[in-house]
Amino acid sequence: MQKSSCLSFGARTYYRPIEAAIRWAGLLRFELRILETLGPRAIPETSDFPRWPVLRLFVERIFDALAHDELRFGKAGIAQESQRPALDDPDLIVRHVDLKAWMSYYYPGERPPFLFDEIERELHPAVNLATLNVLLADREATKVQLAELTQLHAASHAQHEALAKEYAIRTAEGDGAREPGLRSESTYLNIIGGLLNLLLGKSPAGTSYSSFDNVGAVVSALLAHHEGRPGISERTLWSKLAQARRHLEASR
């Protein structure tokens, strides 16, 4: 479906103040009625359109900006730099580009569709190009970190599968009931200690390999995903992880 454009809401090259206010208030379909009611007057009275109080407010805002030189003006469709027309001059106009720039600065929360297209209206007023670039850079850094964490998770999963396979083989051979030998236990502790250091470590560039800040966070995550399985208890995890780190340090 074709997206709506500024032209659909009465965009022009320039506007009389009342015409700009009508579009700002979303009353374009009543424009002829409003102009006929006003006649030569530039600003409606409160009693003219009691259903549309914002119309007078928006007209007053525009005239206030003109009176304080916040908004450039023109006459009969041509911008004026030196000879300023009177504010009640029926030929007084404001250009589309000047009105848009003025509204973006003084009323950033206002995005009437006759001045701003659909994409501009969807953007938050506080989001400028610099902020957008920072957000994009953070997004790319997060993607890199996520990829590294995914690789780490894959390596950990592969190691787990290998250990599970070895355990299954030993169980089938009748050795599953025996405690692991010193060499096997040393191997397991080295693997656990190495994975733990990797989870809590940082790359040479200073980027964390994972979102875990300390051993407590690792323990909490393990309990959240695997609590109830043999060996997965808070006391056992703290004990085994500490033992694995000590063993890894001692074997260097």
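Of note:
- Tally, over the range 184-236, of residues that are under 27 Å from Ala147 (Cβ atoms) and part of a helix (DSSP H, G or I): 23
- Of residues in the range 204-252 being under 38 Å from the mean Cα position of the chain (by Cα) and charged (D, E, K, R), the one surrounded by the most Cβ atoms within 10 Å (Cβ to Cβ): Glu234
- Selection of the range 46-56 for residues being surrounded by 11 or more Cβ atoms within 10 Å (Cβ to Cβ) and either modelled with pLDDT under 90 or over 42 Å from the mean Cα position of the chain (by Cα) (or both) yields only Asp48.
- Within this structure, Ala42 fails the test of being modelled with pLDDT under 90 and touching a Ser or Thr at 6+ places or on another chain (Cβ under 9 Å).
The values are calculated or read from the model by the stated rules, or taken from the named source; none is laboratory data. Quick caveat, the model's predicted, so the values are computed rather than measured. Quick reminder, even Gly has a Cβ in these numbers, built from the backbone with ideal geometry, and neighbours come from all protein chains shown.
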